[in-house]
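Asker: Structure incoming, see below.
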Amino acid sequence: MEIFKLISIDENSRKPKYKQIVDSIIYHISNGNLKIDDKIPSINMFSEEFYLSRDTVEKAYNILKERKIITSIRGKGYYITRTKLISKVNIFFLINKLSTYKMKIYNSFINSIGSTSHTDLHIYHCDETLFLNLLEKNLNAYDYFIIMPHFKTDDLNHVSFTPQTENVIKKIPKEKLLLLDNEKTTIDVDVIYQDFENDIYNALKVGHPKVSKYKKLFLVYPSKSLYPYPKRILHGFRKFCVEYKLDFDILDEIYDDIILKKGDLFITIEESDLVHLINRIREDEFELGKDIGVISYNDTPLKELLGITCISTDFKAMGETAADMILHKKKGKIKNPFNFIDRESV
């Protein structure tokens, strides 16, 4: 077969022979020597031609099949099925939910990574089963995996990892893996993380001169949200209030009949609570930022437009840092910036 003139196996190379087969076929696809629907040799023919074990060739073919580069047709043989993007670095980007700020991370990453890579975005909605299925299905199909781990339990509590999710993540070679947001794992891996407890604590410390003018602080923490939030946010809020001897309370939501009092300061996490709160402040004819203060968790362009004070990680920086780590093969655990963004609502 013509392909035998293209493939070369170096007996003296330290690279495993199955990897040489994979790389050689990909190389010849990328330069146009192999085209879509071209037939390639059977496993037996390949092993006989290059005096390789059948297991070696089968391992290479399985990798190519998992990456959807070749396919087998029963009774006919193996064929090239994918040629587009084959020469690019292919990245699997897995996030827990589709939100304005998660997309800001993704878009920042795409803008920074450049044109030599292709990134596929996947969303698992904090669902462990969907997460496991997506990863198991694609374990050998990508050059890099960027994963944001946030999961919900049956009773809608937040967990950073589960034993099952850690086990599947461990199947990814360390040099191909980058975690975002969470570092609370037993896996020794590169990560760009938020320190949820100390982030809110330190941000409120920065804003203390303004925060302290209010009589009572309320954190609106949705304990049974469809997309649950780390309880470390609660711990950091409590730590700040106790240290500065501030009266505080935790609410599940902004209730329809909530009683607002002059001197209240609310920290909201979900945008629905923020909208409901702003409407109630207007209905009761309080002045925002003077009678009642509002701080929102996680900044968005709309909050900036409306002048809402935020405490927020720098989502743009997280995406840029992720791209930089992949482009320059950097390693380590990097704390993402988290800021108190002072606007008119406090």
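The values are calculated or read from the model by the stated rules, or taken from the named source; none is laboratory data. Since we're looking at a predicted model, the values are computed, not measured. Cβ sites come from the backbone with ideal geometry, for glycine too, and all protein chains shown count toward neighbours. Calculation scope for accessible area: heavy atoms of the full protein, side chains included, ligands and nucleic acids excluded. Shrake-Rupley method; radii C 1.70, N 1.55, O 1.52, S 1.80 Å.
Asker: If the cut-off is a Cα-Cα distance under 19 Å, which lysines reach LYS316, setting aside same-chain residues fewer than 8 apart in sequence?
Answerer: LYS97, LYS102, LYS104, LYS303, LYS330, LYS333, LYS335
Asker: Please work out the C-alpha center-to-center distance from the range 200-254 to the range 119-144 and express it in whole Å.
Answerer: What the calculation gives is 34 Å, centre to centre.
Asker: As a test of reading the structure, rank ARG14, ARG282, ARG67, ARG238 by solvent-accessible area (1.4 Å probe, protein chains only), most first. Working shown, then result.
Answerer: Details: ARG14 230, ARG282 165, ARG67 35, ARG238 95 Å².
The ranking, largest first, comes out as ARG14, ARG282, ARG238, ARG67.
Asker: What number in nm² do you get for the chain if you take the convex hull of its Cα atoms and divide its surface by four? Write out the running numbers ahead of the final one.
Answerer: Values: hull surface 83.8 nm².
With the hull built on Cα positions only, its mean projection is 21.0 nm².
Asker: Under a GNM of the chain (C-alpha, springs under 10 Å), which listed residue has the highest mean-square fluctuation: ILE258, ILE113, ILE21?
Answerer: So, out of ILE258, ILE113, ILE21, the one fluctuating most is ILE258.
Asker: Ignoring everything but the protein chains, give the 1.4 Å probe accessible area of LYS210 in square angstrom, nearest 10.
Answerer: Looks like 70 Å² after rounding.
Asker: At 1.4 Å probe size, what's the solvent-accessible area of HIS328? Round to the nearest 10 Å².
Answerer: Roughly 120 Å² of HIS328 is accessible to a 1.4 Å probe.
Asker: Oh, and also: Scattering from the C-alpha atoms of the range 2-80 alone, worked out with Debye: what is log10 I(q)/I(0) at q = 0.16, 0.19, 0.28 1/Å?
Answerer: -0.53, -0.77, -1.77
Asker: Tell me the label-point distance for the pair LYS261, ASN62, using the 7 Å Cα-to-Cβ offset, in nm and rounded to one decimal.
Answerer: In this crude spin-label approximation the distance works out to 6.7 nm.
Asker: Let me ask something additional. Between LEU139 and ASP188, what FRET efficiency comes out of the Förster formula 1/(1 + (r/R0)^6) with R0 = 25 Å and r the beta carbon distance, rounded to 0.05? Each step should come with its number before you reach the end.
Answerer: Values: r = 19 Å, r/R0 = 0.75.
Between ASP188 and LEU139 the formula returns 0.85.
Asker: Within a Cβ distance under 12 Å of ILE172, other residues only, what is the Lys/Arg minus Asp/Glu net charge? Write out the running numbers ahead of the final one.
Answerer: Numbers: positive: LYS170, LYS171, LYS174, LYS176; negative: GLU136, ASP143, GLU166, GLU175, ASP190.
Net charge in that neighbourhood comes out at -1.
Asker: Put ASP38, ASP257, ASP247 in order of accessible area, largest first, 1.4 Å probe: what do you get?
Answerer: Values: ASP38 55, ASP257 125, ASP247 85 Å².
Most to least solvent-accessible, the answer reads ASP257, ASP247, ASP38.
Asker: Please report, as a whole percent, how much of the solvent-accessible surface of the chain comes from carbon and sulfur atoms (probe radius 1.4 Å). Intermediate values should be presented prior to the final figure.
Answerer: Working: 8450 of 17080 Å².
Carbon plus sulfur share of accessible area: 49 percent.
Asker: When the gyration tensor of the range 149-189 is built from Cα positions, what are the square roots of 5 times its three eigenvalues, in whole Å, from largest to smallest?
Answerer: Numbers: eigenvalues 83, 23, 11 Å².
Listed largest to smallest, the semi-axes of the range 149-189 are 20, 11, 7 Å.
Asker: Using 12 Å as the cut-off for backbone N distance, which residues of the range 98-118 belong to the label zone defined by a point 7 Å from the Cα of LEU130 along Cα→Cβ?
Answerer: Under 12 Å, as judged by backbone N against the label point of LEU130, lie 98-99 of the range 98-118.
Asker: In addition: Taking the Cα centroid of the range 149-176 and of the range 287-337, what is the distance between the two, rounded to the nearest whole Å?
Answerer: 24
Asker: At 7 Å along Cα-to-Cβ for each site, give me the label-to-label distance between VAL242 and ASN33 in nm.
Answerer: Going by the 7 Å Cα→Cβ label model, 6.7 nm.
Asker: Let me check against my output: what whole-number percent is the relative contact order of the chain, with C-alpha pairs under 8 Å and at least 6 apart? Could you put the intermediate results ahead of the total?
Answerer: On the way: 596 pairs, mean separation 51.5, N = 346.
Reported as a whole number, the value is 15 percent.
Asker: Now for a different question. Would you kindly calculate the mean projected area, averaged across all directions, of the convex hull enclosing the Cα atoms of the range 196-312, in square nanometres? Intermediate results must be reported in sequence, preceding the final value.
Answerer: On the way: hull surface 27.1 nm².
Directional mean of the projected Cα hull area for the range 196-312 stands at 6.8 nm².
Asker: Note down the nm distance, to one decimal, between modelled labels 7 Å out along Cα→Cβ at SER72 and at PHE286.
Answerer: Roughly 6.7 nm, to one decimal.
Asker: What's the magnitude of the charge dipole for the chain around its Cα centre, counting Lys and Arg as +1 and Asp and Glu as -1 at the beta-carbon? Answer in Debye, nearest 20.
Answerer: Once rounded to the nearest 20, the dipole reads 1120 debye.
Asker: In what sequence, largest accessible area first, do ASP10, ASP143, ASP37 appear using a 1.4 Å probe?
Answerer: On the way: ASP10 75, ASP143 40, ASP37 110 Å².
So, going from the largest accessible area down, we get ASP37, ASP10, ASP143.
Asker: Follow-up question, since we're still on this one. From the alpha carbon gyration tensor of the range 170-230, can you work out the equivalent ellipsoid semi-axes (sqrt of 5 times each eigenvalue) and give them in Å, largest to smallest?
Answerer: Working: eigenvalues 226, 50, 10 Å².
Computed over the range 170-230, the values are 34, 16, 7 Å.
Asker: Could you state the orientation-averaged shadow area of the convex hull built on the Cα atoms of the range 265-346, in nm² to one decimal? Don't skip to the end; give the middle numbers.
Answerer: Details: hull surface 24.1 nm².
Computed as one quarter of the Cα hull surface, the answer is 6.0 nm².
Asker: Another one. Can you tell me the accessible area per residue over the chain, all protein chains present, probe 1.4 angstrom, in square angstrom? Please list the in-between numbers first.
Answerer: Values: 17080 Å² over 346 residues.
Using a 1.4 Å probe on heavy atoms only, each residue of the chain averages 49 Å².
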